[in-house]
């Protein structure tokens with residue numbers, strides 16, 4: 001309107017002023033156009049925001065909600081997930097999954113008692129009163145109710161249709177195999193920091209998002225656990241442990257400590273360490289025990305390695321041996337002179353003590369040190385017990401150590417040393433984490449000669465064919481080993497005759513060993529079937545036999561490779577005096 | 001005057017055009033960004049699903065479970081040493097001779113080869129592991 005008036009006025013104006021007016025008019029047009037354009041842009045943007053984008057977000061409502069969640073939870077893709085743990089065949093042992101945790105917004109809950117009741121029905125371990133108190137909190141808009149819901153539980157909570165109940169998503173550690181290798185795998189805290197086992201020792205690698213592959217084979221692990229568990233039940237024992245070890249590479253193929261627990265419920269046990277310490281203790285690596293007669297493997301090897309004593313050397317086992325305040329007896333005394341193979345196969349304490357005497361205190365100490373039995377073992381889990389070694393190391397301790405008393409080590413350490421004895425004499429570095437390439441090869445020092453190792457294998461075979469470990473024999477397989485029955489220390493009262501630690505350490509195929517299979521049962525009680533005996537030969541040896549049977553099927557080891565005529569125990573038979581059948585029966589009951 | 005007017009009009013047109021183009025580009029970028037975020041989210045969801053399935057697969061295949069199922073439904077026990085023989089001789093010259101471990105003595109030879117039951121490491125596409133593995137002996 002104004003513009004038109006201006007224009008009408010211009011028509012009447014003539015002369016030199018007209019060009020100035022025209023310029024002003026042009027400027028007004030320009031300004032007007034700019035404003036019009038701005039309004040146009042604003043209008044276009046408004047249409048875009050309200051119609052174009054509004055329509056788009058309406059059609060993908062779910063998506064935009066997810067997107068905003070994505071934005072809230074930060075860079076989901078850049079977030080480093082804790083690495084997985086696999087067994088040697090790629091079976092998943094531990095992983096991190098996003099799991100929902102339940103919380104409530106008390107202000108949004110209308111019927112609080114009803115919700116509290118419904119929640120206790122979904123989660124039986126929640127107490128109704130406590131839950132009600134939590135969701136009735138004034139001032140707070142966040143009542144934390146429960147971590148790590150299972151999909152089923154989450155569904156049930158959603159079915160309640162309660163707007164005041166909501167979920168928060170966070171990573172939690174899942175162990176699909178439950179109890180499998182619980183002590184070796186270990187667990188993490190809520191923030192995902194490893195607190196025990198591999199979770200702790202490989203924390204750095206796992207935290208960087210890298211996976212860890214273990215040397216464990218879940219099939220062997222299961223077989224070993226199943227058999228030890230059944231022995232623990234059969235003999236009403238307190239606990240059990242066992243290991244399958246590759247004698248060449250030192251790889252732990254299976255490691256069991258019983259009682260164990262479901263790793264997925266670790267927080268239940270960890271919350272009260274004192275009460276659950278028996279369950280949480282890793283008896284394989286942390287438990288330190290006097291193993292008894294299995295130690296005779298090392299005493300005999302020391303004799304053969306450090307002295308020139310031939311196998312027919314005789315030791316006087318006619319009467320108990322008195323050294324200082326100790327009197328050493330045999331479990332089933334032969335009361336005659338025994339050769340080296342006889343001392344070993346009948347597990348004579350007197351004979352072993354005399355062997356240790358001929359080796360000498362210093363040399364035996366050095367020999368056991370070389371085998372790694374005197375120091376703390378270096379292993380891939382950090383829960384490793386310190387061996388208890390007599391200090392000072394005198395004559396008396398040399399004698400008791402010869403048959404496995406007065407010295408306490410961990411089971412894994414014992415098996416490592418035994419692996420060195422049977423593998424041809426090379427040092428073994430046990431390992432649980434599979435490493436590839438150059439890392440895998442550690443220098444293996446020679447600890448004993450090939451010849452001594454061969455003799456020891458023959459002796460161990462003799463224990464199974466004719467000695468105390470007959471129940472470990474599996475027809476078709478070539479097992480050698482040594483039984484052990486140790487009386488447990490009863491505090492100040494000395495050793496208890498009723499509390500035993502029965503074990504068997506087996507190696508097979510004994511002519512060229514590949515595996516060590518060790519089983520120990522803590523405080524077994526004799527049964528009718530075992531004629532009241534709870535010795536290593538009755539309790540642990542049959543377990544090893546069953547484990548070897550299972551291993552053969554799993555690993556595909558043929559049973560038709562064994563030739564009786566080539567049995568390595570046959571050349572040693574000439575050192576063994578034939579026995580009266582009755583006596584022979586008794587002997588098999590000894591440890 | 002006409003010249004100035006057209007010049008101004010041209011400038012205005014260019015401005016309008018560039019503004020329009022700018023809006024269009026910004027909208028495209030916006031859409032592309034949303035699409036990217038959506039894809040990222042779906043990738044992360046797929047990855048999470050994969051992890052869950054892997055965990056489930058491991059749980060369903062645990063030797064303990066397979067053993068109890070084999071016992072319950074198939075009446076299978078532990079194999080005895082006598083059931084295992086070395087099969088290397090009978091497999092000589094065949095493709096699998098190199099890996100020829102063992103074959104159960106009781107197993108019937110099938111056309112497919114001497115290993116009648118080979119459990120796949122991963123479930124075949126589209127098959128839920130829970131239905132599939134119940135009957136497979138370890």
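The values are calculated or read from the model by the stated rules, or taken from the named source; none is laboratory data. Remember, predicted model here, so these are calculated numbers, not experimental data. So basically every Cβ, Gly included, is an ideal-geometry build from the backbone, and we count neighbours across all protein chains shown.
All of (1) closer than 28 Å to residue A:502 by Cβ; (2) touching a residue at least 60 places away in the same chain (Cβ under 8 Å); (3) surrounded by 16 or more Cβ atoms within 10 Å (Cβ to Cβ) hold for residue A:323 with one exception: (3). Under the condition of being under 28 Å from residue B:16 (Cβ atoms) and either facing another protein chain (nearest Cβ under 10 Å) or modelled with pLDDT under 85 (or both), the residues counted in the stretch A:11-37 number 11. Candidates are the residues of the stretch A:102-133 that are buried (at least 18 other Cβ atoms within 10 Å of the Cβ) and in contact (Cβ under 8 Å) with a residue 60 or more places away in the chain; the one that is nearest to residue B:45 (Cα to Cα) is A:102. Selection over the stretch A:265-290 of residues that are at pLDDT 85 or above, closer than 28 Å to residue A:99 by Cβ and crowded, with 18+ Cβ neighbours inside 10 Å gives a count of 2.
Only one of the numbered conditions (1) crowded, with 19+ Cβ neighbours inside 10 Å; (2) in a helix (DSSP H, G or I); (3) within 14 Å of chain B (Cβ to nearest Cβ) is violated by residue A:198, and that is (3). Filtered by the rule that a residue be surrounded by 22 or more Cβ atoms within 10 Å (Cβ to Cβ) and over 10 Å from residue A:432 (Cβ atoms), the stretch A:209-227 gives A:217, A:218, A:219, A:220, A:221, A:222, A:223, A:224, A:225, A:227. Taking the conditions exactly as written (buried (at least 21 other Cβ atoms within 10 Å of the Cβ) and in a strand (DSSP E or B)), does residue A:294 satisfy them or not? Here the answer is no, as residue A:294 does not meet what is asked.
The residues listed here are A:406, A:458; of these, the one that is touching a helix residue (DSSP H, G or I) at 6+ places or on another chain (Cβ under 6 Å), touching a residue at least 40 places away in the same chain (Cβ under 8 Å) and not in a loop (DSSP other than H, G, I, E, B) is A:458. Would you confirm whether or not the stretch A:350-359 contains a residue that is touching a helix residue (DSSP H, G or I) at 6+ places or on another chain (Cβ under 9 Å), part of a helix (DSSP H, G or I) and surrounded by fewer than 17 Cβ atoms within 10 Å (Cβ to Cβ)? Yes, because at least one residue in the stretch A:350-359 is touching a helix residue (DSSP H, G or I) at 6+ places or on another chain (Cβ under 9 Å), part of a helix (DSSP H, G or I) and surrounded by fewer than 17 Cβ atoms within 10 Å (Cβ to Cβ). With respect to residue A:328, is the statement that it is at pLDDT 90 or above, closer than 30 Å to residue A:522 by Cβ and under 41 Å from the mean Cα position of the chain (by Cα) true? No: the conditions fail for residue A:328. The number of residues in the stretch A:163-189 being more than 14 Å from chain B (Cβ to nearest Cβ) and out of contact with any strand residue (DSSP E or B) (no Cβ under 8 Å at 6 or more places or on another chain) comes to 2. If you go through the stretch A:490-519 and keep only what is farther than 28 Å from residue A:480 by Cβ and crowded, with 24+ Cβ neighbours inside 10 Å, you end up with nothing. Filtering the stretch B:1-32 to residues that are surrounded by 13 or more Cβ atoms within 10 Å (Cβ to Cβ) and more than 10 Å from chain A (Cβ to nearest Cβ) leaves nothing.
Of the residues B:77, B:93, B:113, the single one that is modelled with pLDDT of 75 or more, more than 8 Å from chain A (Cβ to nearest Cβ) and more than 30 Å from residue A:151 (Cα to Cα) is B:77. Taking the options A:247, A:243, A:232, name whichever one is over 14 Å from the mean Cα position of the chain (by Cα), closer than 15 Å to residue A:283 by Cβ and at pLDDT 90 or above. Residue meeting the stated conditions: A:232. Applying the set (1) more than 8 Å from chain A (Cβ to nearest Cβ); (2) over 24 Å from the mean Cα position of the chain (by Cα); (3) modelled with pLDDT of 85 or more; (4) surrounded by 15 or more Cβ atoms within 10 Å (Cβ to Cβ) to residue B:72 leaves exactly one unmet item: (4). Of all residues in the stretch A:510-561, those satisfying the criterion of being in a helix (DSSP H, G or I) and farther than 18 Å from residue A:414 by Cβ are A:538, A:542, A:545, A:546, A:548, A:549, A:550, A:551, A:552, A:553, A:554, A:555.
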